[in-house]
1. Checking Arg149 against (1) part of a strand (DSSP E or B); (2) touching a Leu at 6+ places or on another chain (Cβ under 7 Å); (3) within 30 Å of Asp42 (Cβ to Cβ), which single condition isn't satisfied?
2. Looking at (1) within 12 Å of the chain's Cα centre (by Cα); (2) modelled with pLDDT under 95; (3) charged (D, E, K, R), can you tell me which one Glu154 breaks?
3. For the range 64-123, which positions are part of a loop (DSSP other than H, G, I, E, B), aromatic (Phe, Trp, Tyr) and surrounded by fewer than 18 Cβ atoms within 10 Å (Cβ to Cβ)?
4. Pairs under 7 Å by beta carbon, first residue more than 17 Å from Val197 (Cα to Cα) and in contact (Cβ under 8 Å) with a residue 24 or more places away in the chain in the range 53-67, partner part of a helix (DSSP H, G or I) and among the acidic types (Asp, Glu), six or more apart or different chains?
5. Condition first: in a strand (DSSP E or B), modelled with pLDDT of 95 or more and not polar (S, T, N, Q). Can you find one or more residues in the range 186-200 that meet it?
6. Looking only at residues that are at pLDDT 75 or above and loosely packed, with under 14 Cβ neighbours inside 10 Å in the range 124-149, which one is farthest from Asn79 (Cα to Cα)?
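The values are calculated or read from the model by the stated rules, or taken from the named source; none is laboratory data. Model, not experiment: these values are computed from the prediction. Every residue, glycine as well, gets a Cβ built from its backbone with ideal geometry; the counts of neighbours run over all protein chains shown.
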Amino acid sequence: MIKNCSALVWLFFLLAACSGDTYRKIRLDLPPFSPVRLADYDEILITDFLVTKAPEGLDLNKEVAQYFKLELEKKFRGNVFHLPFPIDRDEAFQDAATWKPLASASGSRLVMTGKAALSQETRKAILSRPVRRTEEETLSPAKKIEERRVFTLELSVYLIRPDTGEVLLHRDFKETITYTNLQQRADFAFHDLAQRVRVQFFRPLLGEERLQERYLLLR
């Protein structure tokens, strides 16, 4: 077996030398690094988030809890549930005493909590488009002012071990999206923005592989 491996190694370098190339581009499915091993836990409890801003008529706490619950249930084999546990101050996230009532007897429960804000505003955009003023003139740019509906989602997510109060993971996100539809609903905008957060937060947390390109130096 050792002789065969050595022969393959020498063959690889021989082919590399004959090709004249100094590198090869390869694609790999690489699992991301996660500081939290979900396999070590049997339950994930999602509490209420500290909501600092939300459009009128939108229950942002409900939207956040439901979205996180559905995403976690796709890969986490344990139990995922939401418990109304209001957070009224930023200091609570670092206060171990706040989370001890949520600890389980087995010590295998993880708490997901955080802070959320969703804002909306109407902005004016100046657009340029070609127009023909007369038959003799060539196309010339004309400026037009149009309105856009802009939503901004700010999320601060914590994963906490309740029996010790230790913060295992903390991530902050801020995403903005613009719509030409001035009547765009806030709940739809939240889900569009949450998809962006998902890529950054859930992919490493759930250990989802991502296709990446790497360069292999040949000499």
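1. (3)
2. It fails just one condition, (2).
3. Narrowing the range 64-123 to residues part of a loop (DSSP other than H, G, I, E, B): 74-78, 84-89, 95, 103-108.
Filter again for aromatic (Phe, Trp, Tyr), leaving 76, 85.
Of everything in the range 64-123, just one residue is part of a loop (DSSP other than H, G, I, E, B), aromatic (Phe, Trp, Tyr) and surrounded by fewer than 18 Cβ atoms within 10 Å (Cβ to Cβ), namely Phe85.
4. Leu58/Asp187
5. As a first pass, look at the range 186-200 and keep what is in a strand (DSSP E or B): none.
No: the range 186-200 contains no residue that is in a strand (DSSP E or B), modelled with pLDDT of 95 or more and not polar (S, T, N, Q).
6. Within the range 124-149, the first condition is being at pLDDT 75 or above, and the residues that meet it are 124, 145-149.
So of that shortlist, the ones also loosely packed, with under 14 Cβ neighbours inside 10 Å come out as 124, 145-147.
On the way: Lys124: 46, Ile145: 51, Glu146: 48, Glu147: 45 Å.
Residue satisfying both the conditions and the ranking: Ile145.
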